[in-house]
Amino acid sequence: MSEQQYYVGIDIGGTNIKYGLFDDHGKVLYKEQRPTLVEKGPMPLMHLITNISERLLDYAAEEDYSIKWLGVGSPGAVDSKSGTVVGPCPNIKGWQGMEIGLILRERLNMPVYVDNDVNAMALAELKYGAAMGAQSVVCATVGTGIGGAVIIDGKVWHGAHATAGELGHMTINMNGPKCACGNNGCIEAYCSSRMIIETVKSKINNNMTPVFNELLEGNPDNLNIKKIFSAVKREDEIAVEVIHNTAKYLGIGMAGIVNLLNPEIVVLGGGIVDGGGDFIEVVTETIKEHAFSSAVEKLRVAKAALGNDAGFIGAGLLGLVNQSIK
Ligand SMILES: [Zn+2]
């Protein structure tokens, strides 16, 4: 009988750092989260991640879980060989250039694998979640920002310079609204929670509906994404329309990606997908309307299955992937 393996992973998000320990079957045995506190700057954040890593490994040692490596998922383009953030990272200012792998390897004296957070999430969904058994997968996460990952022949596709999968910044309207990346009309400029809130706000400023009036106690400044989803559940016309349109924009972008890659499955995760309404159905319909029929005939579109744990589970699996490649 082979010995049970245990894994630890850390998922650095724009809002929270999530981390945990799990076994071979993807069963989470310990998990925790802490605020990312991005406003303190990149070095304090790196210290926090180092502390979390040490605590996580101490916990594993105390509980007698044997750990062979640490995995970390980070926003931004990550050179997975060195573990360095090589691309801009709008949600964590100053994060580009951070040598996460080098710093942690020196401090922890053990193998450390680092990759982009959505690449990690996609790996977790591939091994234990919605994409189990698939060879070609496109993942999109829809929340504060829009992330993406591509799996081809069972492996994450990093591209020539580690930036593959950034589908949030695909232009779908060259005259569209300004995006956080500086471009205009990106998918993210239509589908991020920030844009959903802005759109709803401008609509209710002109025409406050009874549902929003009650939810916001008459003050549009009380608007947030949770209130918008509450309004969707109560069939508020504005909320339903904005979420519907958001799903349409995402579907239009995804249709192009489906034509390009012809994946077996598209996995959608993140707060907006979980928020309810008919989001996933509208994305699916829109892909089917706009992509080649031969590419969509057998295409599956599914909700991510592992929720908030996917990021740290996928991070923990990074060593497995890198070892099997070697
Ligand atoms: Zn953009």
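Here, each number is a calculation from the coordinates, and none is a lab measurement. Because the structure is a prediction, the values reported are computed rather than measured. Note that we place each Cβ from the backbone using ideal geometry, even for glycine, and neighbour counts take in every protein chain shown.
Details
- Sole residue being among the small types (Gly, Ala, Ser) and in contact with a Lys or Arg (Cβ under 9 Å, 6 or more places away or on another chain), chosen from Gly14, Gly20: Gly20
- All positions within the range 204-238 that are among the charged types (D, E, K, R), within 28 Å of the chain's Cα centre (by Cα) and part of a helix (DSSP H, G or I): Asp221, Lys226, Lys227, Lys233
- Answer residue from the range 78-122, given it is assigned to a helix (DSSP H, G or I) and closer than 22 Å to Cys139 by Cα and is nearest to the chain's Cα centre (by Cα) among those: Val118
- Failed condition for Gly218, given (1) surrounded by fewer than 18 Cβ atoms within 10 Å (Cβ to Cβ); (2) within 16 Å of the ligand (Cβ to nearest atom): (2)
- Residue in the range 196-213 that is surrounded by 14 or more Cβ atoms within 10 Å (Cβ to Cβ), touching a residue at least 24 places away in the same chain (Cβ under 8 Å) and within 16 Å of the ligand (Cβ to nearest atom) present: yes
- Residue under evaluation Gly133, criteria (1) within 16 Å of the ligand (Cβ to nearest atom); (2) part of a loop (DSSP other than H, G, I, E, B), criterion not met: (1)
- Count - residues of the range 147-161 that are outside any strand (DSSP E or B) and either touching a helix residue (DSSP H, G or I) at 6+ places or on another chain (Cβ under 8 Å) or surrounded by 22 or more Cβ atoms within 10 Å (Cβ to Cβ) (or both): 2
- Residues of the range 150-195 classified as free of Cβ contacts under 8 Å to residues at least 60 places away in the same chain, more than 22 Å from Gly275 (Cα to Cα), within 11 Å of the ligand (Cβ to nearest atom) and small (Gly, Ala, Ser), total: 3
- Looking only at the range 1-52, and only at residues there that are closer than 21 Å to Thr141 by Cα and β-branched (Val, Ile, Thr), the one that is surrounded by the most Cβ atoms within 10 Å (Cβ to Cβ): Ile12
- Residues of the range 249-308 that turn out to be part of a helix (DSSP H, G or I), acidic (Asp, Glu) and within 21 Å of Ile172 (Cβ to Cβ), as a count: 3
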